[in-house]
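Shown next, in structure tokens, is the structure this report addresses.
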Amino acid sequence: MTREKLYLYDTTLRDGQQTQGVQFSTPEKIQIAKALDVLGLDYIEGGWPGANPTDSAFFDEMPKTRARLTAFGMTKRAGRSAANDDVLAAVMNAGTQSVCLVGKAHDYHVTTALGITLDENLENIRASIAHIVAQGREALYDAEHFFDGYKDNPDYALAACRAALEAGARWVVLCDTNGGVLPSEVGRIVGEVIGAGLPGDHLGIHTHNDTENAVACSMAAVDAGVRQLQGTLNGLGERCGNANLTTLIPTLLLKQPYASLFEIGVGRDALSGLTQVSRMLDDILNRVPMRQAPYVGASAFAHKAGLHASAILKDPSTYEHIAPELVGNARIIPMSNQAGQSNLRRRLTEAGLSVEKGDPALARILERIKVREDEGYSYDTAQGSFELLARDELGQLPEFFEVKRYKVTIERRKNKYNKMVSLSEAVVVVKVDGEKRLSVSESMDETGTDRGPVNALAKALTKDLGRYSQVLADMHLVDFKVRITQGGTEAVTRVIIDSEDATGRRWSTVGVSPNIIDASFEALLDAIRWKLIHHGEAR
Ligand SMILES: CC(=O)SCCNC(=O)CCNC(=O)[C@H](O)C(C)(C)COP(=O)(O)OP(=O)(O)OC[C@H]1O[C@@H](n2cnc3c(N)ncnc32)[C@H](O)[C@@H]1OP(=O)(O)O
Ligand SMILES: CC(=O)C(=O)O
């Protein structure tokens with residue numbers, strides 16, 4: 001059976017940039033466009049040329065792509081010709097092969113937001129699309145508020161779409177601009193639109209995630225006959241975001257009936273780079289990747305419960321809907337009080353510790369984890385501390401040094417500019433190779449910024465650890481998370497520290513105490529011990 005082509009249209013660089021707090025630079029836009037091109041998107045909407053300097057610069061420096069780079073804008077304003085509309089001219093001047101214009105499809109918006117007549121709006125759509133086509137470009141019409149408009153006045157919403165198609169638009173994209181339409185409504189309305197004579201292979205869908213249904217609405221539209229899907233990487237987009245392409249793409253490629261019915265530009269090879277593309281975007285945005293994201297999240301293939309992990313070890317398909325490698329993700333068997341011996345043996349193997357099935361140490365380690373988690377520890381994410389706990393129980397934890405005592409003082413005082421500043425000072429006494437050493441450090445860095453008491457402690461602790469100091473030179477803290485949690489019957493502070501070294505390795509460690517400094521110090525000690533154990537290993 002020949003598969004029908006389903007076009008994928010990415011709007012990360014346009015609607016994605018409408019996300020609160022997101023502002024790409026031009027080089028970042030270029031980097032994302034290249035990644036989308038490698039992934040196999042058919043269209044990449046690069047932004048709105050003329051609307052802001054970054055978008056204009058992106059089109060000036062436009063990368064060469066196999067995908068169609070598309071400039072976005074709006075239909076011409078009433079009272080002037082398409083050729084004389086300066087906003088439209090800036091969009092056309094970007095020189096892209098494809099141009100997508102948003103225009104009203106809801107009568108209420110025409111009269112309320114634009115303040116023009118319904119006929120004037122239809123004429124604006126018609127004339128703007130004809131202008132694009134006359135210049136030999138491919139025209140797309142984003143029918144704004146199409147679904148809400150269709151529910152209020154179906155004849156007018158359809159007339160707006162027909163105006164665009166008759167003027168030569170290759171695609172009419174049905175937009176759920178406010179994101180409040182549900183999948184069943186989308187399916188019904190798209191069915192009616194196609195029943196009214198609009199060709200499905202010229203229709204697209206653009207949804208928003210305001211009811212967490214953007215992906216489901218997009219699938220419903222495909223089921224009903226549209227053949228272009230719009231979305232963004234990681235679901236970025238105005239308000240709650242757009243349909244998430246990092247979810248839609250693997251679904252279309254791996255799930256039935258879509259895999260058999262449709263051909264999409266993304267191949268199996270490119271699919272295995274999906275997780276990396278998703279993380280690259282988070283990296284650019286300086287965001288922590290969403291653990292629970294379908295397919296690409298760090299927890300998407302994490303098997304925490306003992307029953308799951310035990311079956312996974314026999315056959316991963318027992319608790320996985322796809323193999324994680326297909327999307328470039330990885331299986332994780334975290335350690336926690338939900339775990340049984342199967343999780344444990346798997347985690348120990350990953351840490352290079354081999355323990356035979358039935359070894360009584362397994363039960364002891366599990367018991368210790370359960371007791372410690374009851375006290376407020378969490379080994380689910382703090383895999384570094386888990387490994388140290390297991391090594392300790394197995395008699396494989398060297399005592400590199402002993403901490404005899406430590407002290408931190410925090411002072412508020414005026415600096416030389418008469419401004420109040422904080423300064424922390426830490427004193428740590430350790431015994432290394434039988435010799436006592438005392439180190440003092442301050443929290444101020446070389447730029448004069450106060451980095452806080454934990455930083456002062458970390459500096460003091462690593463300052464003079466004898467032969468170990470050199471090994472720790474390339475280690476630094478990259479994240480520091482604090483939670484007030486329940487430890488037994490008391491509230492305690494849990495600190496999780498993420499550390500990194502020059503090889504790019506990251507490891508997480510945990511500390512718990514009623515005192516935040518003690519909890520931080522414990523996590524810090526574990527981080528240092530982990531590094532000393534793994535010194536010399538490649539990433
Ligand atoms: C549904 C969507 O997400 S569509 C994409 C929306 N994206 C953006 O708005 C981001 C980029 N936009 C911008 O930078 C600016 O809005 C610009 C440069 C395009 C326009 O800026 P300004 O000229 O200052 O107008 P402003 O943003 O205040 O208002 C938009 C104008 O466009 C008009 N307009 C809105 N939609 C359309 C349309 N489809 N066709 C014609 N005119 C339209 C509005 O009526 C309003 O004009 P008015 O002030 O005369 O009433
Ligand atoms: C065009 C668009 O972004 C919308 O209607 O949501």
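Most exposed first by the Cβ proxy, i.e. fewest other Cβ within 10 Å, how do Leu252, Leu285 rank?
The order, fewest Cβ neighbours first, is Leu285, Leu252.
Considering only the other residues whose Cβ falls under 9 Å of the Cβ of Lys459, what net charge follows from Lys and Arg at +1 and Asp and Glu at -1?
With Lys, Arg at +1 and Asp, Glu at -1, the neighbours total +1.
How do Ser218, Ser25 line up, fewest other C-beta atoms within 10 Å first?
Ser25, Ser218
Report the one residue of Val222, Ile264, Val172 whose Cα lies farthest in the direction of the positive end of the charge dipole of the stretch 137-281 (charges on C-beta: Lys and Arg +1, Asp and Glu -1; origin at the Cα centre).
Ile264
Ignoring everything except DSSP H segments at least 4 long, calculate the 222 nm mean residue ellipticity for the chain; use -39,500 (n - 2.57) per segment, divide by total residues, nearest 500.
Result for the chain, helices only: -11000 deg cm²/dmol.
Report, in debye and to the nearest 20, how large the dipole of the chain comes out about its Cα centre when Lys and Arg carry +1 and Asp and Glu carry -1 on their Cβ.
1380
Which lysines does Lys357 reach when only Cα atoms under 18 Å apart count, and residues fewer than 8 places away in its own chain are ignored?
Lys314
Output the Kirkwood hydrodynamic radius of the chain, Cα pairs only, in Å rounded to one decimal.
Its Kirkwood hydrodynamic radius stands at 26.8 Å.
Once you order the gyration tensor axes a ≥ b ≥ c over the Cα atoms, which shape class does the stretch 306-394 get: rounded for a/c under 1.5, otherwise prolate or oblate by comparing a/b with b/c?
Taking the square roots of the gyration eigenvalues as a ≥ b ≥ c, the stretch 306-394 is prolate.
For the stretch 474-539, what is the Kirkwood estimate of the hydrodynamic radius, computed as the reciprocal of the mean inverse distance between distinct Cα atoms, to one decimal in Å?
Computed over Cα pairs of the stretch 474-539, the Kirkwood hydrodynamic radius comes out at 12.3 Å.
At a 10 Å Cβ-Cβ cut-off, how would you order Val428, Val266, Val215, Val133, fewest neighbours first?
Result, fewest neighbours first: Val133, Val266, Val215, Val428.
Kindly flag which residue pairs out of Lys34/Lys104; Lys64/Lys255; Lys5/Lys64 have an alpha-carbon separation exceeding 25 Å in this structure.
Lys34/Lys104; Lys64/Lys255, as the Cα separations exceed 25 Å there.
With a cut-off of 8 Å between alpha carbons and a minimum separation of six or more residues, what is the relative contact order of the stretch 104-224 in percent?
Relative contact order for the stretch 104-224 comes out at 25 percent.
Work out the count of Lys pairs in the stretch 402-534 where the Cα-Cα distance is under 22 Å, with the pair 8 or more places apart or on different chains.
Here the count comes out as 20.
Taken together, the values in this text are just the output of simple stated rules run on the coordinates, not laboratory data. The structure presented is a predicted model; accordingly, all values stated were derived computationally and were not measured. Positions of Cβ are backbone-derived with ideal geometry, glycine not excepted, and every protein chain shown enters the neighbour counts.
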